[in-house]
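The values are calculated or read from the model by the stated rules, or taken from the named source; none is laboratory data. Predicted model, so just to flag it, every value in this text is computed and none were measured. Positions of Cβ are generated from backbone atoms using ideal geometry, with glycine treated the same way; all protein chains shown enter the neighbour counts.
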Amino acid sequence: MVKHPNKAVGYAILLLTVLVSMSIPVSYIMIALGFAYSKVYGSQLTGFLVSMPIIFIGAVSGEMLAFLLSRFLFKDIIKSQIKHSEWLNKKFIIADDIIKDEGKLFVFLIKLACTPAGLFSYIMGVSCISFFDFAIGNISYLFWASSLSFIGCSMFSVVDSPSGN
């Protein structure tokens with residue numbers, strides 16, 4: 001067994017933060033974290049309780065980083081890309097109007113719809129939503145963090161079961 005499994009927590013969070021901020025899909029890594037921590041601790045419950053916060057913190061940190069990069073570094077580039085597409089520009093204008101009144105709820109519901117985290121964060125960075133409203137709306141990511149962690153932990157029980165050949 002591993003002597004110090006908690007040393008990898010910071011690296012896992014950093015990895016998720018960087019990959020999400022670069023808009024790289026990370027679902028498979030999240031599932032693998034659930035499996036790995038279940039394997040390390042020898043328990044589905046402990047693996048879930050350890051991996052779920054790691055997944056949530058890493059993914060949401062990456063989304064916040066992408067939002068801030070979009071707002072302060074890539075704003076002109078992203079806005080020109082949105083304006084370049086007639087379809088996307090119309091949708092963005094409609095979404096921006098909704099965000100003015102219900103920003104937190106909009107982000108909360110969109111995050112439940114399994115949107116690409118990094119891409120969505122970059123688009124929200126050029127909208128009129130405040131950072132605080134964006135951060136509060138990301139609480140719904142707990143659902144995805146829990147789901148992906150649970151899938152990984154469930155894989156551990158299948159692999160370690162006597163009939164799981």
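A few notes on this one:
- Any hit, the range 152-161, residues being modelled with pLDDT of 90 or more, under 12 Å from the mean Cα position of the chain (by Cα) and closer than 25 Å to Ala36 by Cβ: no
- Elements of type helices (runs of 4 or more DSSP H) in the range 46-137, at least 2 residues being β-branched (Val, Ile, Thr), touching an Asp or Glu at 6+ places or on another chain (Cβ under 9 Å) and surrounded by 14 or more Cβ atoms within 10 Å (Cβ to Cβ): 86-112
- Looking only at residues in the range 1-45 that are assigned to a helix (DSSP H, G or I) and of a type in the set (Lys, Arg), the one that is surrounded by the most Cβ atoms within 10 Å (Cβ to Cβ) is Lys39.
- Verdict on Ile151 being of a type in the set (A, V, I, L, M) and either farther than 14 Å from Ala59 by Cβ or free of Cβ contacts under 8 Å to residues at least 12 places away in the same chain (or both): yes
- Residues in the range 6-23 that are under 16 Å from Val60 (Cβ atoms) and either aliphatic (A, V, I, L, M) or in contact (Cβ under 8 Å) with a residue 60 or more places away in the chain (or both): Val9, Ala12, Ile13, Leu14, Leu15, Leu16, Val18, Leu19, Val20, Ser21, Met22, Ser23.
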